[in-house]
Amino acid sequence: MIHYKTSEEVLKIKESADILGRAHGEIAKHVKEGVKTSFLDKIAEEFIRDHGAVPSFKGYNGFPSSLCISVNEVVVHGFPSDYELKDGDIISVDCGVFHQGFHSDSAYTYPIGEVAPSVLALLKATRDSLYLGIEQAKSGNRIGDIGHAIQKFVEAKGYTVVRELVGHGLGRKLHEAPEVPNYGKKGSGPLLKQGMVIAIEPMINLGSRNIVQERDGWTIRTADRKPSAHYEHTVAIFEDRTEVLTTHKFIEEIVKF
Ligand code: MG
Ligand code: MG
């Protein structure tokens, strides 16, 4: 069942998303070579709690941390750890904030130092595909229009779309209906309407689309161990417009590529 939000509820999600956007900006200051990914988690949790909010992911189905940190071949749901970032890595930082009863969710993949040009191109294409998906996320379109736009764009560049993991509705719960696949047919799936709030989050692989889950029960990596990129925004659909509630602005003031 899709929970359609009132404008007041969307405003609360926006306030949650504002804290999230600034948390990402704090994290971005520390995303560099030699930093332990557990330190990024600490920065995020402190920032979120200092702003009267709660990290959405911590404790979610037993997830141990405030951030999902996914390095190189890890697609999503990696744990922060003692691993130190090194030159040439890519790292996806996924974060959720719960505030005034509502969740927001967004992710960004960073290059660390000098990244192989082919991998940097994957990051740029995945980021671009997120915005192409958002362009289709408008009242009167269908969920399949979002995935179709993402899939068409990235597959034309030779990349592949992860199928098993998808975007989602969100609000009072972190994951609500509908699912928002990053692949699909134009004009298929649920109708997009005023009051829908969805997270769009392309997960795009350099090699094959196949994934495996590590034995920790969470970490998802590519089967061929080639890199994967992930970007995410939370957006709200209105009758006459779509608002991107989360922001990467504070990240992109620091990280340019
Ligand atoms: Mg999400
Ligand atoms: Mg997320």
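Among Leu245, Pro202, Thr222, which residue has its Cα furthest toward the positive end of the charge dipole of the stretch 201-257, with +1 on Lys/Arg Cβ and -1 on Asp/Glu Cβ?
In the stretch 201-257, that residue is Thr222.
Could you work out how far the C-alpha centroid of the stretch 96-147 sits from that of the stretch 148-165, in angstrom?
Measuring centre to centre over Cα atoms gives 12 Å.
Take the Cβ-Cβ distance between Glu252 and Gln100 as r, set R0 to 25 Å, and report the resulting FRET efficiency rounded to the nearest 0.05.
After rounding to 0.05, the efficiency reads 0.40.
Spin-label point model (7 Å from Cα, Cβ direction): what's the Tyr60 to Ala121 distance in nm?
Calculated label separation equals 3.3 nm.
Which pairs in the list Lys12/Lys173; Lys5/Lys42; Lys157/Lys185; Lys5/Lys138; Lys14/Lys124; Lys5/Lys58 are over 21 Å apart, alpha-carbon to alpha-carbon?
Result: Lys5/Lys42; Lys14/Lys124; Lys5/Lys58 exceed 21 Å.
How far is it, in nm, from the label point at Ala177 to the one at His30 when both lie 7 Å from their Cα along the line to the Cβ?
Once both label points are built, they end up 4.0 nm from each other.
Which residue fluctuates the most in the chain, going by a Gaussian network model with Cα springs under 10 Å, if the choices are Ala53, Ala116, Ala17?
Ala116
Test of understanding: ordering Met203, Met196, Met1 by Cβ neighbours within 10 Å, fewest first, what list do you get?
In order of increasing Cβ crowding within 10 Å: Met1, Met196, Met203.
If you build a Gaussian network model of the chain, linking Cα atoms that sit under 10 Å apart, which residue out of Tyr131, Tyr110, Tyr60 swings the most?
Tyr60
For Ser188, which sequence-distant residues (separation of 5 or more, or a different chain) have an amide H within less than 5 Å of its own amide H, given hydrogens modelled in the peptide plane?
Gly144, Asp145
Can you classify the chain as rounded, prolate or oblate using the Cα gyration tensor, where a ≥ b ≥ c are the square roots of its eigenvalues, rounded means a/c under 1.5, and otherwise it's prolate if a/b beats b/c and oblate if not?
oblate
If I model a spin label at Ser7 and Glu214 as a point 7 Å from the Cα along the Cα→Cβ vector, what separation in nanometres do I get?
For the pair Ser7/Glu214, the computed spacing is 4.6 nm.
Give me the net charge for the shell around Ala125: Cβ to Cβ below 13 angstrom, other residues only, Lys and Arg +1, Asp and Glu -1.
+2
All of the numbers you see were taken from the coordinates with simple rules; none came from a lab. Bear in mind that the values here come from a model prediction, so they are computed numbers and not experimental data. Methodologically, a virtual Cβ is constructed for each residue, glycine included, from the backbone with ideal geometry; neighbour enumeration extends over all protein chains shown.
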